[in-house]
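Undergrad: If you scroll down you'll find the structure; I have some questions about it.
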Amino acid sequence: MSKKGLLAALLALALAVAAGGTAEASVGRKTLNVDYNNVKLNVNGTLVNVQPEQEPFIVNGVTFVPLRLVAEALNSNVDWQADTSTVVINSKTSPEVINLKMQLIEKDKEIQSLQQQVAQLQQELAAKSSAGLDDLEGDLRDTYKKIGYVYLDNLNLSGDSDNVRVEVLVDLDDYGDEWADLSNSKIESWLDDVVGAIQDKFSEDTAVSGEIINSYNDDVLVKFSKDGDNDLEVDYRDEDYRDSSDPDAAIDELTGKSYYVEDIRFAVSDASYSESSDRATVYLKAKTSGAGDAWDELSSSTIENEVQDICENVVNVFDDAGVSLKEVRAYFYDSDSSLIDSFTYDVDDETLD
């Protein structure tokens, strides 16, 4: 080996030993057998240009590479501290990396600021929503203080502007008879007004749900819900307090009720219900003079459509009273009580005979 080569080998060996940490190292001279085997250096996919005096070599199966060559290829600085015989390696940080780190720091600050703003806005919205619920709660108590003749014990609201929970308290120890006289339609009409007032206050998308509770014993009488603009759903659980099946209430509601067939006005003069056949019969007397002649001038399709609407309304009235019909019979009379026509409506098939 040339002296130049031996010198390079000794330098590389010395640097390799120094880079090995704080392990004990011997001091002195050693004679080495060095093998050169055209060793190449590839760092992160890039072939490093090696000068002849920097050529890596192999000693006893261990490959030695100039430390500075490798460190600089890895974008690091190498310094030799002669007084302590220490090799110091420090990685370089590119301006791009520094800039990215600074951007990350700024972004973190912005995120923290935005998070604080969001938290503050949420607190403000919660406070406004709570205040809005309190104001609305008082308005509802004043405006909707009774269902029929049943006065409320209390009405409480909770939740927020997106989801409002309603608790209605009635004392059936005081108003048991009045509650028993209520029809489903009367309760649903009251609930519809209350829910509508809540959605008018906040939004038509506001979901409203709640219960009507007997404050005397905490029994749930009615559960209800309305999700946004969907229909109001009502679940009655007051069988012990109110007969949910009340055909007489339906008959009372129908008697005197007006219906039109085209321009001919009729009023229900009488109605009846057959429990054995689940059939309702209504008798409609014309309040328009010349009803028979006007009836004859109508097309059959017009008459059938109008009469079917009347029968479906009768079904709804009985349904509100907790009575499910299978059939409706409708008799139409002129003002002189002469029969004009009669029809039978099949509820399940929704057909008119």
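Undergrad: For residue 72 and residue 113 in the same chain, what is the full-extension length gain: residue separation times 0.36 nm, less their Cα-Cα distance, in nm? Show your work: numbers first, answer last.
TA: Numbers: separation 41, 0.36 × 41 = 14.76 nm, distance 4.09 nm.
Between residue 72 and residue 113, full extension yields 10.7 nm more.
Undergrad: Of 147, 340, 111, which has the most accessible area and how do the rest follow, probe 1.4 Å? All intermediate terms of the calculation are to be shown ahead of the outcome.
TA: Values: 147 0, 340 40, 111 85 Å².
Largest accessible area first, the residues go 111, 340, 147.
Undergrad: Sticking with this one: For the chain, what is the Kirkwood hydrodynamic radius in Å, using each pair of distinct C-alpha atoms? Let's see the in-between values first.
TA: Working: mean 1/r = 0.0336 Å⁻¹.
Taking every pair of different Cα atoms in the chain, averaging 1/r and inverting gives 29.8 Å.
Undergrad: Tell me the label-point distance for the pair residue 192, residue 146, using the 7 Å Cα-to-Cβ offset, in nm and rounded to one decimal.
TA: Those two pseudo-labels are separated by 2.2 nm.
Undergrad: If a/c stays under 1.5 just call it rounded; otherwise compare a/b with b/c (prolate if a/b is bigger, oblate if not). Do that for region 127-272, with a ≥ b ≥ c from the square roots of the Cα gyration tensor eigenvalues. Intermediate values should be presented prior to the final figure.
TA: Values: a/c = 2.46, a/b = 1.46, b/c = 1.69.
Here region 127-272 falls in the oblate category.
Undergrad: Any of 285/326; 223/285; 226/285 with alpha carbons more than 28 Å apart? Name them for me. Could you put the intermediate results ahead of the total?
TA: Numbers: 285/326 24 Å; 223/285 40 Å; 226/285 39 Å.
Violating the 28 Å limit, Cα to Cα: 223/285; 226/285.
Undergrad: Now a separate question. Label 7 Å along Cα→Cβ of residue 100; region 37-73 residues with amide nitrogen under 19 Å?
TA: Hits in region 37-73 for residue 100 at 19 Å: 44-46, 73.
Undergrad: Also: Which angle between 0 and 90 degrees, to the nearest 10, do you get for helix 3-18 versus the longest principal axis of the chain when only C-alpha atoms count?
TA: The helix 3-18 is inclined about 40 degrees to the chain.
Undergrad: Okay, next question. Could you pull the accessible area for residue 80 with a 1.4 Å probe, rounded to 10 Å²?
TA: Rounded to the nearest 10, the figure is 130 Å².
Undergrad: Top to bottom by accessible area (1.4 Å), largest first, where do 242, 237 land?
TA: Numbers: 242 5, 237 115 Å².
Result of the area sort, largest leading: 237, 242.
Undergrad: Once the Cα atoms of helix 300-320 and of the chain are each reduced to a long axis, what angle between those two axes, in degrees from 0 to 90 to the nearest 10, is obtained?
TA: Roughly 80 degrees, rounded to the nearest 10.
Undergrad: To continue, here is another question. What range in the chain is the longest one free of GluC sites (Glu not before Pro) that are in a loop by DSSP and have at most 15 other Cβ atoms within 10 angstrom? Display every interim value, and only then the final one.
TA: On the way: sites that count: 24, 204, 239, 262, 275, 297, 350.
Answer - 25-203.
Undergrad: Estimate the FRET efficiency between residue 223 and residue 274 by the formula 1/(1 + (r/R0)^6), using the beta-carbon distance for r and 22 Å for R0, to the nearest 0.05. Intermediate values should be presented prior to the final figure.
TA: Working: r = 32 Å, r/R0 = 1.46.
Computed FRET efficiency for residue 223 and residue 274: 0.10.
Undergrad: How far, in nm, would the chain grow between residue 165 and residue 248 when pulled straight, counting 0.36 nm per residue and subtracting the alpha carbon separation?
TA: Values: separation 83, 0.36 × 83 = 29.88 nm, distance 3.42 nm.
Gain on extension, residue 165 to residue 248, equals 26.5 nm.
Undergrad: Assuming R0 = 45 Å, what is the FRET efficiency of residue 134 and residue 267, from their Cβ-Cβ distance, to the nearest 0.05? Could you put the intermediate results ahead of the total?
TA: Values: r = 47 Å, r/R0 = 1.05.
Efficiency, from the Cβ-Cβ distance: 0.40.
The values are calculated or read from the model by the stated rules, or taken from the named source; none is laboratory data. For clarity, every value in this text was computed on a predicted model and none was experimentally measured. When we count neighbours, we look across all protein chains shown, and the Cβ atoms used for this are built from the backbone with ideal geometry, even at glycine. Areas reflect the complete protein model, heavy atoms only, side chains present, ligands, DNA and RNA absent. Shrake-Rupley method; radii C 1.70, N 1.55, O 1.52, S 1.80 Å.
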